[in-house]
Amino acid sequence: MEDFKEPKSVSKKIDTLRSQIETANHKYYVLQAPDISDQEYDDMMSDLIDLEKRFPELITPESPTQRVGGSPSTGFSTVLHVDEMLSLSNVFNMEQLYEWRKRTEKNIGEPIKEFILEEKIDGLAISLTYSSGLLLRGATRGNGRQGEDITENLKTIRSIPLKLMGSDFPDDFEVRGEVFFPLSAFEKYNEERVGNGEVPYSNTRNAASGALRQLDPAEAAKRPLDAFFYSIGNVRNTKIISQYQLLKKLKDWGFKTNLNSHLINNFDDVPDIINKKIETRLALNYSIDGMVIKVNKIDFQEYLGNTSKDPRWATAIKFPATKVETKLIDIKISLGRTGVATPYAVLEPVDLDGVTIKSATLHNLDYIRSKDIRAGDDVVIQRAGDVIPQVVKPSNINNRISNSTEFQMPEECPVCFSQLIKYENDPFTRCINSKCSQQMKRLIEHYASKQSVDIEGLGEGIINQLFEKGLIRSITDLYKITSDDLIDLEGFGQKSVKNLLDSIEKSKTKPISRIVHGLGIPHVGSELSEVLTDYFGSIDSIFLATYEDLQQIDGVGPKISESIHKWFETTENKKLLEELKLLGISYKDLTIKTTSNILSGKNICVTGQLSKFSREEIKNKIKMLGGKFHSSVTSNTNILIAGENSGTKLQKAENLGIDIINEEAFDSLIRSNV
Ligand SMILES: [Zn+2]
């Protein structure tokens, strides 16, 4: 272990690690050009954590370890904004935009040569206060004069600098920007929510807001939030002379700025840029609801000042609302793989942003009731956060049919006709019949998905066909399909039949974590599936695990343990596992071949910094020698391999009287057994 007798050398080492980690964060999250591996990053982080544990007096709030360090709170305190966070005035067409320019030039008394055109992110406005280059506080916009202190949650966003880069930033200043939820992560995130029995978010702005308002920063950290920055609260106190320069400075200081901003020298270019943006905006990874035009020179901005509500030197150009009206033909129920029954609208097909919309979500019964939406109504449709089409409300010119009635949730599942159940404290109505074919279809789709056993070519359409022909009723039936069964299906030829059968066969040897994920156990996502299989080594061992065993695992609480335990206890699921085994599905991790049994039955955990092996290598070695790799030390752990700078795991192992060996001892153990 490195000896730090000299306090100066410790704090120097800590400083170096912190600056290396923050540089890596900046390259990864802000510039999106990482130059070190995840492993190198993790190693630096674990070194820093270990050092800070040994020298807790050296922990500072801006240390990268403190991003998820905050403890849960019971509420947010109020923050007064030093400079009011004003909203922007709006224009809705080019005519109004030119009027705005005319008015602005009249106020200045001369033509304005330069403007900046920026995307208007549909997220949440926030304000960050920095003092001597360190993040002091982060707050919501609130009503503009006062917001809420959400510093701990904002610190979990990796693209927000805790410590600024460079040196020419003002001593005390406030930076403003917009937090958003990336579209690429939105759908998957909603699926997970539904899988966990939570209500999905209808758009990305609500998802971002929900994340920032988490009382537990550890929860907020799980949401993939990001942020763009575009202004300084008290810019007159800086030497910055233009908005263009301001964006550049923010970038130099380590903030993420939107690279799609335009410096406008010819105002007549603006309409073209806006029209192009309307056409291409769906390709962006965030929602925008317009563009913002700003006078470039800060002098001019100062001179123009604000009205009582908004600055005179900027305005938002709102995109035409992507709303259309159509007829709601019927309200039907769709079932997810966990049996949740969600009402949706069957629509007279209508074009929205170049996409034909035939159905739209209605969220739940409460939503339908509060908007009084009925079958036969003319309704307004919009794409929520540019993702999922939803019914907003009945249209103003709605000619409601005379015999229209309020929508009722059906009493029976529309697919299997068993009774639908609504439990107390559960927002959803559910079909709890595990044999229900609709649930089974969704489950098979999930089982075949990329994150699970990845059966290429087995999508929703084919699964529906296979069901209609009575060829499949469960996951196990997939493995009984023959080429004769498939050749008659719509769109199938010799080649596609062979490809599908090949990928079904290949799915038998996927890592067991993927199979566990594919089983669709409530609350068990792909990450937890990996943790479970790492910990238990085989599906049989997970099956045999008690409720208490499960709770030994990091991140598994009572709710999840119960869910897993209940799943494995269910007769149908037991039968499913038996059948899959008979069909030749591997229940052990085949990616690692066991070459020796010297560690057989041993649960092994690794901590600290290793010099001979990477984490992945030592994990595989343990498995090859018949042992089980555990991610945390528990009373079931038999051996702890401790590297340099081992922290709490080492202490815990010592307290529990677990055998502790160093890397060399492990290495010679391997060598003596090859
Ligand atoms: Zn059903």
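The values are calculated or read from the model by the stated rules, or taken from the named source; none is laboratory data. Being a predicted model, the structure only gives us computed values, none of them experimental. In this analysis, Cβ positions are derived from the backbone assuming ideal geometry, glycine residues included, and neighbour counts consider all displayed protein chains. Quick note on the areas: whole protein, heavy atoms, side chains included, nothing else; ligands and nucleic acids left out. Shrake-Rupley method; radii C 1.70, N 1.55, O 1.52, S 1.80 Å.
Given +1 at the Cβ of Lys and Arg, -1 at the Cβ of Asp and Glu and no other charges, the dipole of the chain around its Cα centre is 360 debye to the nearest 20.
Give the separation of the Cα centroids, the stretch 391-406 to the stretch 516-588, in Å. Value for the Cα centre distance between the two parts: 48 Å.
For the stretch 611-630 versus the stretch 433-458, the inter-centroid distance based on Cα atoms is 33 Å. Which Cα, out of I274, Q243, I432, lies furthest along the positive dipole direction of the chain (beta carbon charges, K/R +1, D/E -1)? Among I274, Q243, I432, the one farthest towards the positive end of the dipole of the chain is I274.
Separation of the stretch 328-373 from the stretch 245-323 is 35 Å, based on Cα centroids.
With Cβ to Cβ distances under 12 Å as the rule, what net charge do the other residues near E99 carry (K, R +1; D, E -1)? Mind dumping the intermediate values first?
Details: positive: R101, K102, R103, K106; negative: E95, E105.
With Lys, Arg at +1 and Asp, Glu at -1, the neighbours total +2.
Which value, in debye to the nearest 20, describes the size of the charge dipole of the stretch 603-671 about its Cα centre when Lys and Arg Cβ atoms bear +1, Asp and Glu Cβ atoms bear -1, and nothing else is charged?
On the way: 9 positive and 8 negative charges, 56 e Å.
My answer is approximately 280 debye.
Computed from label points 7 Å out along Cα-Cβ, the spacing between D252 and Q39 is 3.8 nm.
Rounded, prolate or oblate: which fits the stretch 318-462 when a ≥ b ≥ c are the square roots of the eigenvalues of the alpha-carbon gyration tensor, with rounded for a/c under 1.5 and prolate only if a/b beats b/c?
Working: a/c = 2.23, a/b = 1.33, b/c = 1.68.
Cα axes put the stretch 318-462 in the oblate bin.
Judged by the ratio a/c of the largest to the smallest principal axis of the C-alpha gyration tensor, the chain counts as oblate, that ratio being 1.5 or greater while a/b is no larger than b/c.
To the nearest 20 debye, what charge dipole does the stretch 401-555 have about its Cα centre, counting +1 at the Cβ of each Lys and Arg and -1 at the Cβ of each Asp and Glu? Please report the intermediate quantities before stating the final value.
Numbers: 15 positive and 24 negative charges, 88 e Å.
Here the stretch 401-555 has a charge dipole of around 420 debye.
Which shape class, rounded, prolate or oblate, goes with the stretch 209-304 when its Cα gyration tensor gives a ≥ b ≥ c as root eigenvalues, a/c under 1.5 marks rounded, and past that a/b bigger than b/c marks prolate? Because a/c hits 1.5 or more and a/b fails to exceed b/c, the stretch 209-304 counts as oblate. Local charge for D226 was computed over the other residues whose Cβ lies under 12 Å away, with Lys and Arg +1 and Asp and Glu -1, and equals +2. Solvent exposure of R145, expressed as accessible area, is near 140 Å², computed with a probe of 1.4 Å over the protein chains only. Take every Cα pair under 8 Å whose residues are at least 6 apart in sequence, average their separation, divide by the length of the chain, and the relative contact order is 10 percent.
Beyond 23 Å between alpha-carbons counts as too far, so tell me which of K222/K559; K27/K318; K441/K575; K506/K628; K106/K297; K27/K510 fall in that bin.
In this structure, K27/K318; K506/K628; K27/K510 lie more than 23 Å apart at Cα.
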